[in-house]
Amino acid sequence: EKNNPHIITFDKIGSSELGYITIAEARKNIPFDIQRVYWTYYTPQDVTRGGHAHKKLQQVIFAVSGIITFNTEDKEGNKETFILDHPTKGLFIPELIWRDIQFSHNAVLLCLASELYDENDYFRDFEEFKNY
Ligand code: TYD
């Protein structure tokens, strides 16, 4: 399972009266050392983002608000759909996974990443990814 995309369900602490807290810690419930964090927001509902894969990067991605849908495909053509519809759900994406991403209007995507930004780590061409 380690090299397949999968949902990690994170613990929450709190109550409906107080609200909740969820914690991500490197090498505890995140399977890598976090080197970069980014977030995306205000993506219109009719836009598909993503459209790339990474050579080395691993990620855990949350919908801290709203609903985010991932369609993934590996080099062998195995396709999966993951729906992030709760702040306790994190999607682990290993290296070499193509992804397309769609957002509800209020969605905020939070990404914990294993590497600093490197444009040379991206496949932005699907055929190049499949033939790598
Ligand atoms: P990209 O990874 O293509 O985003 P998405 O898959 O959500 O469409 O990144 C969008 C733009 O932001 C692209 O020009 C690269 C830039 N970028 C950085 O400069 N640093 C980063 O850490 C990230 C994630 C993106």
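Give me, ordered by chain and number, the residues 5 or more places off ILE67 or on other chains with an amide H under 5 Å from its own placed amide H.
SER104, ASN106, ALA107
Per-residue counts of other Cβ atoms within 10 Å, averaged by peptide: what ranking do you get for 44-56, 107-119, highest first?
Peptide ranking by packing, descending: 107-119, 44-56.
How big is the gap, in Å, between the Cα center of the range 78-116 and the Cα center of the range 23-77?
First find each Cα centre; the distance between them is then 4 Å.
Rounded to the nearest 500, what is the chain's calculated 222 nm mean residue ellipticity when only DSSP H runs of at least 4 contribute -39500 (n - 2.57) each, over all residues?
-1000 deg cm²/dmol
Below 8 Å, C-alpha to C-alpha, sequence gap of six or more: please give me the relative contact order for the chain in percent.
Answer for the chain is 35 percent.
Kindly give Rg over Rh for the range 6-131, based on alpha-carbon atoms, with the Kirkwood expression for the hydrodynamic radius.
0.97
So, counting K/R as plus one and D/E as minus one, what does the shell of residues with Cβ under 10 Å around GLN102 add up to?
In short, -1.
Tell me, in nm to one decimal, what length is gained between ARG36 and LYS2 on full extension, where the rule is 0.36 nm per residue of separation less the Cα-Cα distance?
Answer, rounded to one decimal: 10.2 nm.
From the backbone phi of the range 83-91, what are the Karplus-calculated ³J(HN,Hα) couplings (6.51 cos²θ - 1.76 cosθ + 1.60, θ = phi - 60°) in whole Hz, Gly and Pro given as x?
Result, rounded to whole Hz: 10, 8, 10, 7, x, 7, 9, x, 9.
In whole Hz and in residue order, list the ³J(HN,Hα) couplings for the range 112-129 that follow from phi through the Karplus curve 6.51 cos²θ - 1.76 cosθ + 1.60, θ = phi - 60°; x for Gly and Pro.
Whole-Hz 3J(HN,Hα) from phi for the range 112-129: 9, 10, 7, 9, 5, 5, 8, 4, 6, 7, 8, 9, 10, 10, 4, 5, 4, 4.
First measure r as the distance between the Cβ atoms of ASP11 and LYS55, then evaluate 1/(1 + (r/R0)^6) with R0 = 35 Å and state the FRET efficiency to the nearest 0.05.
After rounding, the FRET efficiency stands at 0.65.
Would you list which lysines come within 24 Å of LYS130, measuring only between C-alpha atoms, while excluding same-chain residues fewer than 8 positions from it?
LYS2, LYS55, LYS56, LYS75, LYS79
Give me the aspartates and glutamates in straight-line cross-link reach of LYS28: C-alpha distance below 18 Å, same-chain residues under 8 apart excluded.
Result set, ordered by chain and number: GLU1, ASP11, GLU115.
Just so you know, all these numbers are worked out from the coordinates, no wet-lab data involved. Here the structure is a predicted model, which means the values were calculated and not measured. Neighbour counts run over all protein chains shown; Cβ positions are idealised from the backbone, glycine included.
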